[in-house]
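What follows is a set of notes on a single structure, which appears directly below.
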Amino acid sequence: MNINHITNKLDKAYCQHVMDYIYEIIDDWSDMDNFALPQLNKLLRTLFFKASQVWYVNRITMEPILKATIRCKFSSIKERITTTIT
């Protein structure tokens, strides 16, 4: 068995674990976590722009992370609008 093939499988497994972990963090995000928003923004920039080649090579989709981020942001905006109106 080729060592590169083994390394690629490990990389893909690790990449998937990282994605799953980040998805859980974003999916459970609340306004109480806003103190960590700058760090989350840096992480997302790195994921989408700097590390995108790693995800592409390992065939890891960014769709769940992107959807969770949009859902989290939409929920935050909706909450602010509701609070402002009432």
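Test T7 against the stated conditions and say whether it is in a helix (DSSP H, G or I) and either at pLDDT 80 or above or under 12 Å from the mean Cα position of the chain (by Cα) (or both).
On the way: in a helix (DSSP H, G or I): yes; either at pLDDT 80 or above or under 12 Å from the mean Cα position of the chain (by Cα) (or both): no.
No, not satisfied.
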task = Identify the residue in the stretch 63-74 that is open to solvent by less than 60 Å² (accessible area, probe 1.4 Å) and at pLDDT below 85 and, among all such residues, is farthest from the chain's Cα centre (by Cα).
result = C72
remark   = Pairing a residue in the stretch 19-30 that is closer than 15 Å to K73 by Cα with any residue that is at pLDDT below 85, where Cβ atoms lie under 6 Å and the two sit 6 or more apart in sequence or on different chains, gives I26/T69; I26/C72; W29/C72
inquiry  = Quick check on my filter: what residues within the stretch 32-60 are open to solvent by less than 30 Å² (accessible area, probe 1.4 Å) and assigned to a helix (DSSP H, G or I)?
reply    = A36, L40, L44, L47, W55
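The values are calculated or read from the model by the stated rules, or taken from the named source; none is laboratory data. Since this is a predicted model, take the numbers as computed values, not measurements. Here the Cβ is made from the backbone with ideal geometry for all residues, glycine too, and neighbour counts use every protein chain on show. SASA here: full protein model, heavy atoms, side chains in, ligands and nucleic acids out. Shrake-Rupley method; radii C 1.70, N 1.55, O 1.52, S 1.80 Å.
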